[in-house]
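The structure appears below as structure tokens.
The values are calculated or read from the model by the stated rules, or taken from the named source; none is laboratory data. Computed from a prediction, not measured in an experiment: that's the story for all the values here. All Cβ positions, even for glycine, are placed from backbone atoms using ideal geometry, and neighbour counts span all protein chains on display. What goes into the accessible areas is simple: the full protein's heavy atoms, side chains included, and nothing from ligands, DNA or RNA. Shrake-Rupley method; radii C 1.70, N 1.55, O 1.52, S 1.80 Å.
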Amino acid sequence: MIIAVDFDGTIIEAGHFPNLGPTLPHAFEVLKKLQEKGHQLILWTCRGKKSLDTAVEFCKENGLVFDAINENINKEYYNNNSNKIVANIYIDDSAYPVIKKEMAGMPAINWEEIALDFGIEI
């Protein structure tokens with residue numbers, strides 16, 4: 001399965017761009033276990049240039065190397081010219097169900113909940 005993962009507000013706390021904020025609890029642990037289970041991860045972020053390099057390096061320092069960064073796995077695209085990232089699952093703090101949870105006063109991204117959804121023990 002291919003999983004596209006946002007960075008700001010998803011792996012790290014929102015509101016610190018272009019700097020790095022605190023890591024959300026269990027983010028790296030769950031993402032690394034997803035890779036161990038054979039899932040491919042795409043870092044899917046609006047960060048670019050220096051701020052993107054900072055994010056990628058931060059992930060590497062925390063033991064996470066993505067299979068692709070802001071592009072499709074193996075650079076495969078529909079119609080050979082689409083910019084759309086193709087994944088089976090998108091984990092993003094701006095996704096509709098997440099915003100709905102946040103409006104209800106719940107944590108936007110809860111990696112413990114995501115771990116349960118994938119049968120991962122943390």
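Close Lys pairs in the chain, defined as Cα atoms under 18 Å apart and 8 or more places apart or on different chains, number 5.
What the phi angles of segment 84-94 give under the Karplus curve with 6.51, -1.76 and 1.60, with θ = phi - 60°, is a coupling list of 5, 7, 9, 9, 7, 9, 10, 10, 8, 5, 9 Hz, glycine and proline written as x.
Computed over protein heavy atoms with a 1.4 Å probe, the accessible surface of the chain works out to 60 Å² per residue. Between amide H atoms placed 1.01 Å from N, distances below 5 Å from ILE91 occur with ALA4, VAL5, ASP6, all of them 5 or more places distant or on a separate chain. Helix content alone sets the calculated 222 nm mean residue ellipticity of the chain: runs of n ≥ 4 DSSP H residues at -39500 (n - 2.57) each, divided across all residues, give -9000 deg cm²/dmol. Each of the peptides 21-30, 94-103, 2-11, 54-63 was scored by the mean count of other Cβ atoms within 10 Å over its residues; in descending order, highest first, they stand as 2-11, 21-30, 54-63, 94-103.
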